[in-house]
Structures are given as structure tokens and as C-alpha cells.
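What follows is a single structure, written as C-alpha cells, with notes after it.
Values quoted throughout were computed directly from the atomic coordinates according to the rules given, and no laboratory measurement underlies them. Computed from a predicted model, the values in this text were never measured in an experiment. Glycine also receives a Cβ, built like all others from the backbone with ideal geometry; neighbour counts cover every protein chain displayed.
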Amino acid sequence: MSTQLQNRNIILGVSGGIAAYKACALCRLLVTHGAKVKVVMTKAATQLVAPATFAALSGEKVHADLFDSPEEISHITLGAHADLLVIAPSTANTIAKLAAGLADDMLSATALAAACPIVVVPAMNTRMYHNAATQDNIATLIRRGIYVLKPAQGDLACGEEGEGRMPEPEDIFEFICALLGHPRLGYDGRTLLPPPTAPLEIGQTKLLPRAFGAGSKILITAGPTVEALDPVRFLSNRSSGKMGYALAAAARERGAEVVLISGPVAELTPPGVTRVDVKTAQEMLQAVESYLPGTQIVIGCAAVSDYRAAQISSEKISKGSEDELTLHLIKNPDIIAAVGRRESERPYTVGFAAETQFGPEHARLKLEQKHLDLIVLNDVSAEDSGIESDFNEVTVFDAQGEVAHLSKQSKRVIADQLIELIFRAAALYRNQG
Ligand code: C5P
């Protein structure tokens with residue numbers, strides 16, 4: 001048995017369309033991949049598939065009656081503890097109830113009380129699907145952040161042909177895997193799902209909608225730090241901040257609240273991002289600590305100076321008669337390691353490793369030493385990639401090994417892909433935590 005969906009609590013809502021029989025295959029797929037599935041049926045659905053079938057497939061009691069177990073008020077408790085509610089098939093009638101906020105049966109009441117994401121998979125006659133009432137209702141659901149899959153084209157149970165068929169259980173399953181955020185699943189490293197402004201085409205459903213980050217709080221460090229030696233000289237590096245700023249923009253576009261703690265760079269602040277300017281590693285650490293409460297994800301993208309002057313000369317260091325000058329440097333605090341090592345309120349922690357040799361080995365070592373959840377390796381010796389460049393090529397590792405390789409693309413595209421991956425992995429981390 002695969003462990004891809006291990007211990008994820010999924011409610012499978014089944015309403016009364018002929019495609020209800022396909023929900024049996026979906027239920028089985030979810031269960032064999034480790035999910036705990038509870039099936040909620042409408043009365044009409046029970047006319048099409050016996051609840052006993054779903055009970056046998058899920059190994060759980062099937063809920064079809066609002067008053068079947070009044071002692072536990074299951075329409076409230078089911079959705080409160082679930083990771084996802086998937087309604088497949090969703091009839092036009094069930095969609096209308098969801099849009100209107102009705103709660104007159106077990107499924108609609110469960111949906112209304114659900115605290116988890118909801119996926120609606122319409123299946124119906126093509127004229128019912130294209131009816132303005134149904135389309136308006138679907139638009140309402142999408143506006144409220146419900147994921148609606150686009151029905152397939154083809155032969156319909158009524159003998160007609162057209163749009164309205166329920167997508168295949170395997171396709172719905174794949175979307176669920178992507179949505180539930182396993183970093184190793186459903187990630188093809190290329191396509192990005194469009195914003196949820198329209199029903200999602202099968203094939204576009206592999207990656208997460210942009211709104212997935214909505215409400216999460218993310219902190220990103222970016223750019224170089226600058227460590228003064230005297231009033232005019234300093235120690236720093238060639239970091240441009242482009243990668244960190246691209247990550248901030250990508251996270252913000254997906255609805256996250258973003259704090260960008262930045263060393264001196266020439267980049268413009270992405271719209272909607274809170275930028276905090278710092279110069280030294282110590283100032284960066286202080287800023288990170290003060291913005292940390294309530295943060296779910298921290299990404300350390302800054303090229304922090306490893307050392308600073310033991311003493312900053314108050315006067316300009318003048319050229320002496322000696323041919324050599326010795327600088328006394330002391331180690332700076334490791335900012336991302338301080339976050340990774342936190343014992344309480346520890347956010348999902350992501351670091352970067354810019355390496356010129358032994359990349360994977362060094363990256364893995366840093367992942368371990370800094371207590372990171374993910375590390376993004378970029379080979380800074382590669383031509384036109386990494387530091388200062390507009391392009392990047394990265395490999396992502398977690399404690400189990402390589403998670404993804406993102407081939408050379410603009411930093412903005414790499415940032416989109418990294419943020420999708422990080423959000424999904426962080427969601428999983430939170431659910432396990
Ligand atoms: O050890 P190294 O500098 O290669 O580690 C890189 C990672 O650690 C990056 O994520 C960087 O932002 C972070 N870092 C830090 N504080 C330091 C040094 C590095 O947060 N003092």
C-alpha cells in the first residue's frame with residue numbers, strides 16, 4: 001500500500017448523479033493510497049449506489065441522514081476534522097444548494113460547516129451544466145475559494161453528448177494529491193495552475209491554485225548583508241536580491257502575507273509586500289526575530305556575510321607602511337539556523353546553498369546542521385545562473401533526498417515553482433505537526 005495520502009482525512013461527498021458509481025473507484029483509490037475516507041451521500045445518491053458499497057470500500061460508516069447519529073452532530077464534526085471535502089459527482093442541485101448556503105441534508109450541511117478546502121466535481125446533462133443558473137452558482141463557488149473541476153466532454157448517461165461527464169477518478173485523485181500538498185506528488189516543475197477564476201481543466205489540475213497561500217504568513221530574507229570595517233569600507237558580496245524578491249512576489253501573488261527582510265539591493269519592492277531594510281547580519285537577525293511570531297514559513301535567501309569586523313574602526317583605516325594588513329573578523333550569527341533550531345513555534349524553514357563544488361553533499365550537510373526542512377541548491381559556478389544573474393537552476397532537497405530539480409529558467413519562473421513546492425510541503429508539515 002502506498003503512503004502518499006497516509007492519514008489524510010478526506011470526506012467524499014456523493015450526490016445523486018449516474019456518475020456516483022465512479023465515486024466508488026475514487027474512494028478505493030484514496031483508501032489504497034492511505035487516506036481515511038468518510039463518505040457522505042445525498043438521499044438521491046443512495047438510490048444509485050448502496051451505502052453498503054461505500055461502507056465496504058472505505059471501512060467507515062456512511063453518512064446519509066442528518067439525524068443518523070444525533071449524539072455526535074456529525075455534519076459539524078466531520079468537516080471540522082477533515083483535510084479536504086471532495087464532492088464527486090456534484091449534481092446541479094447540490095451545486096445550487098452549496099451556492100445558496102442551504103443545509104437541509106447531510107452533504108450540504110457538512111459542506112456548510114466544513115473548515116477545510118472543498119473540491120466540487122460537477123457531473124450532469126450538458127444543458128443543465130450550461131444553464132445560466134448552474135453557471136452562476138459555479139461562479140459563486142469559485143469566488144468563495146471552492147475548487148471546481150471542469151467536466152469532460154463526451155457521451156452522457158442520458159444518451160446525449162456534450163460537456164458534463166465527470167472526470168475520471170484517476171484525474172480527480174491526482175488533483176487531490178496535488179492539493180493536499182505532498183511535495184513529491186503532482187509536481188511537474190513546469191505548468192502553473194491559473195488563478196481559480198474559472199473551472200479547472202483536467203491537466204491543469206496538477207499544481208496548486210494561486211490562492212493556496214491565502215492567509216499564510218511568510219518571511220523571506222534577501223540580498224547581501226554589509227559589514228562595515230570603517231566609515232567608508234565594508235565587507236559584502238555580490239548578491240543582487242533578485243531571487244528573494246522574486247520569491248516574495250510569487251508568494252504574495254498566491255495570497256500570502258509577505259515580510260521581506262532585505263539587505264541593500266537595487267530591486268523594487270513587489271506590490272503588497274512588507275519590506276524591512278537592514279544592513280548587517282545582526283540587524284537581519286533582529287528583524288527576523290521581531291517579525292517571526294505567527295509566521296508559518298521562513299525562507300533564508302539572503303547571502304549573509306559569514307564574518308564581520310571584530311571592531312569597526314571609527315576612523316578611516318589609513319594605509320600604513322606595511323605591505324600587509326590583517327583584519328580581525330568574528331563570526332556572524334547564522335540566521336536561518338536560529339529559526340530552524342527553534343523548539344517552539346518553529347515555522348517551516350527553507351534555506352539556500354550557493355555552492356561552487358560538491359553541491360549536493362554541502363547542501364545536505366547544511367540542511368542537517370541548520371535544522372532546515374528544505375534546502376535549495378544553486379550552483380554558482382554555472383554560467384549566467386545564480387548570483388547576480390536573472391536566471392537560476394536549482395535542486396531542492398529535504399531530509400529524504402532530492403525533491404525536485406528545476407532546470408534553468410528566469411528567477412521569476414523558478415520562484416513560482418519553488419513557492420508552489422514550499423507551500424505544499426509546508427501545508428503537509430503543519431498537518432503533521
Ligand atoms: O552556510 P551558508 O552561508 O552557505 O548557508 C546558506 C544559507 O544559510 C542561506 O539560506 C542563508 O540565507 C543562510 N544563512 C543565514 N545566516 C548566516 C549565513 C547563512 O541565515 N549567517
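Over segment 217-432, what is the percentage of antiparallel beta bridges among all DSSP beta bridges, to the nearest 5? So the antiparallel bridges amount to about 40 percent of the total. The listed peptides 332-345, 38-51, ordered by packing as a protection proxy, come out as 38-51, 332-345 (highest mean of other Cβ atoms within 10 Å first). Over the chain, what is the relative contact order in percent, taking alpha-carbon pairs closer than 8 angstrom and at least six residues apart? With pairs under 8 Å counted, the relative contact order is 11 percent. Which one, V148, I95, Q311, is farthest towards the positive end of the dipole of the chain when Lys and Arg carry +1 and Asp and Glu -1 on their Cβ? The residue sitting most towards the positive pole is I95.
Around the Cα centre of segment 44-174, unit charges on the Cβ atoms of Lys, Arg, Asp and Glu (plus for the first two, minus for the last two) sum to a dipole of about 420 debye. Short version: ³J(HN,Hα) in whole Hz for each residue of segment 83-95, in order, from phi by Karplus 6.51 cos²θ - 1.76 cosθ + 1.60 (θ = phi - 60°), x for Gly and Pro, what are they? These are the phi-based 3J(HN,Hα) values: 8, 7, 10, 10, 10, 9, x, 9, 6, 4, 5, 5, 4 Hz. Beta-bridge orientation, segment 211-267: approximately 25 percent antiparallel, per DSSP, counting only bridges with both partners inside. DSSP beta bridges confined to the chain are antiparallel in about 30 percent of cases.
Charge dipole of the chain (Cα centre as origin; +1 on each Lys and Arg Cβ, -1 on each Asp and Glu Cβ, all else neutral): 620 debye, rounded to the nearest 20. For segment 9-192, the relative contact order works out to 21 percent when only alpha carbon pairs closer than 8 Å and six or more residues apart are counted. Extents of segment 217-432, largest first, come to 61, 37, 33 Å (Cα atoms, principal axes, whole angstrom). The relative contact order of segment 217-432, computed from alpha carbon pairs under 8 Å that lie at least 6 residues apart in sequence, is 19 percent. Packing, as the average of other Cβ atoms within 10 Å across residues, places the peptides 226-235, 24-33 in the order 24-33, 226-235, highest first. Just to be sure I understand: if I project the alpha-carbon convex hull of the chain onto a plane and average over all orientations, what area do I get in nm²? Computed as one quarter of the Cα hull surface, the answer is 24.2 nm².
Of the peptides 416-425, 142-151, 163-172, the ranking by mean beta-carbon count within 10 Å, highest at the top, reads 416-425, 163-172, 142-151.
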